[in-house]
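> The structure that follows is given in the form of structure tokens.
The values are calculated or read from the model by the stated rules, or taken from the named source; none is laboratory data. The structure displayed is predicted, hence computed values, not measured ones. Heads up, the Cβs are rebuilt from the backbone with ideal geometry, glycines too, and the neighbour counts pull from every protein chain shown. Ligands, DNA and RNA are excluded from the accessible area calculation, which covers all protein heavy atoms including side chains. Shrake-Rupley method; radii C 1.70, N 1.55, O 1.52, S 1.80 Å.
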Amino acid sequence: MDPDKIIIGIDLGTTNSLAATVFDHGPEAIHTPNASPIIPSVLYRDDHVWVVGEQARRKRVEAPERTVFSVKRLMGRDAQELESDIPLLSYEVRAAQRGLVKVHIGEEAFTPQELSAEILREVKRNAEAALGFPIQRAVITVPAYFDDAQRQATRDAGRIAGLEVVRIINEPTAAAIAYGLDQGQKGTVAVYDLGGGTFDVSILQLTGQVFKVLATHGNTHLGGDDFDMAIAGELKRRLREAHPEADLTRPVVAPLLRKVAEAIKIELSRAPETPYSLDIPEIGLRHSDIFTVDTLNELIAPYVEETLQSCRQALAAAGKAVEEIDDVVMVGGSSRIPMVRTRVEALFGRRPNISINPDEVVAAGAGVQGHLLAGGRRDFVLLDVVPLSLGIETLGGTFSKLIIANTTIPAQATELFTTYVDNQTGVDLNVYQGEREFVADCRHLGRFKLKGVPPMPAGLPKVKVTFLVDANGILTVSAVEERSGQEARIEVIPSHGLTNEEIERIMDESVEHAVEDLNQRQIVEFRNTAEAVFRGIDTAWDTAEEILTPDHRVQIEAQVRVVKEAVQGSDPVALKSEMDKLGELTRPLADAIMSQGALTELKRFFQDHSQE
Ligand code: AMP
């Protein structure tokens, strides 16, 4: 592995994100020993700094308005397009200039690109810690249905995070690459991706080195979260039946039910039934029972059926019969559910590929691409395609396509247009992306104004419009009036996304504040860990009274007070040293109760810091 050349693969997901690369033994997620490679795509704003990942995820219940999740849904979208999503988010999203939206937290506001950049920074930091050298370049994946604005937003997020995004590739394509399906000469692959909050199926066709996305179908609001909700509903029903007197409307109840529901669901992926218990002291309730896989299957059947219906629709749109599918690839945490696997197998009449961890398969494929790009093996690098046709608006609101969907990139196309009015000196060019006939049904990408056309009768000027899609799938449009020979000036007004200046500004600011941000972030992280450790000590105090001497307990209590004071300060080094002292003092306590499975925070703290 050459640190100067490495290009890692990053799966920037709605629920989780992770990085992968090719090690000597093959492609694998990048992580430090004992830590999970998976970083929840969740951000928590605390004291003007971000906490990203698992710590942030745990804040979701406690501080919903400061905890940002599902940023991916906001990328490259405007407020109108997000109309149905915004009410489902616990944080505030408002329309901003040029079709952007911003997430508002207190007095501050952030673009989705900046938020995604924070997630990418965390992924980068983790990967750097694991590999032991800095990382500059990455291949990032996006859903096959992402349009130009969404891809551009993803690339901008990478730039803000200090990464050179060498290539943006489709998630289903990455999954197929991870299984080596690009090594064949041709074939048709179905990629079934069922995650926490989204589902999509893509039909890919491999010809030579190119995977074409023939069709995609899905539901951006369907996934494991729905299964959790369905199970939680059943648990609530059982509680109501067994304890009619309990007040199940209390705010503690719903999050707990969901947590237990998810644990039940995951357990039932490997056992036909599982016991569970619900202990809610706040409403004086204790309940335990058994949950069977049959009940689970019954609850999730309508959702699974919907995914199969999507598969049928994708096949129809691709013009393929199930018999023509050569491979089926399973992606996403929820594809582990046995019933999902059997139903998908029954539909396609063949065993799906499940040998690679479904959480890591997309990142692994991106890692393979990055590895090949880094090695300069362009002959083995898969070519990507334009996902949706690109063109401009012509008379009567019709859509005139210049580059059609599935053209291999980089791609370039040129077409001549003219004026409709005598002596017209300016031409407005509206760029759209989509497959429909009228621009009203397509996605507006940007407006280009061609000025300085010499006055001529209508129909005489020859306006040459050029579309260029680079290797990242990013579009640039230019136009020139040919008859006058005079190059006309073009003003590019992106209707979505950030301008170069905005990106530069955000990057400058982050460099400017890098040191203070890092200090502040460490303080906030330590503060969160400290709170959790205090809770752990409280929980374990009974055990402490049994196994520790009174003197030892007094020392712990004193050190807790010292740490409580230190977290108010602004020196992360001093805080860490006080935390370490507390860790040393509570180590016998942690050891004693490790087997009881309690004090997870204390354990986590030791694991995180044992290698430092
Ligand atoms: P993803 O969005 O791909 O990260 O998938 C996350 C979803 O997968 C969440 O809803 C998890 O509860 C679910 N999940 C993870 N592991 C399992 C499992 N073993 N069985 C069922 N669902 C799972």
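> If R0 is 25 Å, what FRET efficiency do you get for Ala246 and Lys564 from their C-beta distance, rounded to 0.05? Let's see the in-between values first.
Working: r = 36 Å, r/R0 = 1.42.
Computed FRET efficiency for Ala246 and Lys564 comes out at 0.10.
> Let me ask something else. Ignoring ligands and nucleic acids, what accessible area does Met339 show with a 1.4 Å probe (Å², nearest 10)?
Roughly 30 Å² of Met339 is accessible to a 1.4 Å probe.
> For the chain, the longest stretch holding no trypsin sites (Lys or Arg not before Pro) located in a DSSP loop with at most 10 other Cβ atoms within 10 Å is which?
Numbers: sites that count: Arg270, Arg377.
Answer from the scan: 1-269.
> Follow-up. Taking all pairs of distinct Cα atoms, average 1/r, flip it, and tell me the Kirkwood hydrodynamic radius of the range 112-169 in Å to one decimal place.
On the way: mean 1/r = 0.0867 Å⁻¹.
Here the Kirkwood hydrodynamic radius works out to 11.5 Å.
> Compute the angle between helix 293-318 and the longest alpha-carbon principal axis of the chain, please, reported from 0 to 90 degrees and rounded to the nearest 10.
10
> Just to check I understand the Karplus step: with θ = phi - 60° and J = 6.51 cos²θ - 1.76 cosθ + 1.60, what whole-Hz values come out for the range 13-22, glycine and proline as x?
Once θ is set to phi - 60°, the couplings for the range 13-22 become x, 5, 9, 9, 10, 6, 10, 9, 8, 9 Hz.
> Residues of the chain: accessible area per residue at 1.4 Å, in Å²?
Values: 27780 Å² over 612 residues.
For the chain, the solvent-accessible area averages 45 Å² per residue.
> With r defined as the distance between the Cβ atoms of Arg237 and Thr543 and R0 fixed at 25 Å, what FRET efficiency is calculated, to the nearest 0.05?
On the way: r = 36 Å, r/R0 = 1.46.
Working from the Cβ atoms, E equals 0.10.
> Roughly what % antiparallel, to the nearest 5, for the DSSP beta bridges in the chain?
Working: 86 of 104 bridges.
DSSP beta bridges in the chain are roughly 85 percent antiparallel.
> How far, in nm, would the chain grow between Ile266 and Gln209 when pulled straight, counting 0.36 nm per residue and subtracting the alpha carbon separation?
Working: separation 57, 0.36 × 57 = 20.52 nm, distance 3.76 nm.
Gain on extension, Ile266 to Gln209, equals 16.8 nm.
> Remind me, relative contact order of the chain in percent, using alpha carbon pairs under 8 angstrom and six or more residues apart? Walk me through the numbers on the way to the answer.
Details: 1154 pairs, mean separation 80.5, N = 612.
Answer for the chain is 13 percent.
> Right, something else. By how many nm would the segment from Glu557 to Ala321 grow when fully extended, if each residue of separation counts as 0.36 nm and the alpha-carbon distance is taken off? Let's see the in-between values first.
Numbers: separation 236, 0.36 × 236 = 84.96 nm, distance 6.90 nm.
The Glu557-Ala321 span can extend by a further 78.1 nm.
> Just to be sure I understand the model, the point goes 7 Å from the Cα along the line to the Cβ. What's the resulting Tyr276 to Ala63 distance in nm?
Result for the modelled spin labels: 2.9 nm.
> Just to check I understand the Karplus step: with θ = phi - 60° and J = 6.51 cos²θ - 1.76 cosθ + 1.60, what whole-Hz values come out for the range 435-447, glycine and proline as x?
Using θ = phi - 60°, the values come out as 10, 8, 7, 10, 4, 4, 9, 10, 9, 6, 9, x, 10 Hz.
> Separate question: If you stretched the chain out fully between Asn34 and Glu306, how much longer would it get, using 0.36 nm times the residue separation minus the C-alpha to C-alpha distance?
Values: separation 272, 0.36 × 272 = 97.92 nm, distance 3.75 nm.
Net length gain for the segment: 94.2 nm.
> Which three numbers, in whole Å and largest first, are the semi-axes of the equivalent ellipsoid of the range 224-298 derived from its Cα gyration tensor as √(5λ)? Mind dumping the intermediate values first?
On the way: eigenvalues 87, 31, 22 Å².
Semi-axis lengths for the range 224-298 are 21, 12, 10 Å.
> Just the Cα atoms of the range 390-497: what Rg and Dmax do they give in Å?
Both quantities, over Cα of the range 390-497: 13.7, 40 Å.
> Right, another one. Can you list the residues of the range 196-230 with backbone N under 19 Å from a point 7 Å past the Cα of Thr408, pointing along Cα to Cβ?
Only 204-215 fall inside the zone, counting backbone N under 19 Å.
> Okay, next question. Can you tell me the dipole magnitude for the chain around its Cα centre, using point charges on the Cβ only (Lys, Arg +1; Asp, Glu -1), in Debye to the nearest 20? Intermediate results must be reported in sequence, preceding the final value.
Working: 64 positive and 92 negative charges, 252 e Å.
The dipole of the chain has a size of about 1220 debye.
> Counting only residues 5 or more places away or on other chains, whose amide H sits under 5 Å from the amide H of Leu100 once H atoms are built in the peptide plane?
Distant-sequence amide H within range of Leu100: Gly497.
> Oh, and also: Using amide H atoms built in the peptide plane, which far-off residues or other-chain residues are under 5 Å from Glu81 H to H?
none
> While we're here: With 48 Å as the cut-off, how large is the P(r) tail for the chain, expressed as percent of Cα-Cα pairs? Intermediate values should be presented prior to the final figure.
Details: 36115 of 186966 pairs.
Above the 48 Å cut-off, the chain has 19 percent of its Cα pairs.
> Sticking with this structure for a sec: Considering the options Ala56, Ala544, Ile10, tell which one lies farthest towards the positive end of the dipole of the chain, charges being +1 on Lys and Arg and -1 on Asp and Glu at the Cβ, about the Cα centre.
In the chain, that residue is Ile10.
> At 7 Å along the Cα-to-beta-carbon direction for both Ala130 and Arg436, put a label point, then send me their distance in nm to one decimal.
Going by the 7 Å Cα→Cβ label model, 4.2 nm.
> Also: So what J values fall out for the range 528-544 if you push phi through Karplus, 6.51 cos²θ - 1.76 cosθ + 1.60 with θ = phi - 60°, rounded to Hz, Gly and Pro as x?
5, 4, 4, 4, 5, 5, 4, 4, x, 5, 4, 4, 9, 4, 4, 5, 4
> Could you check how much of the accessible area of the chain is carbon and sulfur, as a whole percent, using a 1.4 Å probe? Don't skip to the answer; put the middle values down first.
Working: 13740 of 27780 Å².
That fraction is 49 percent.
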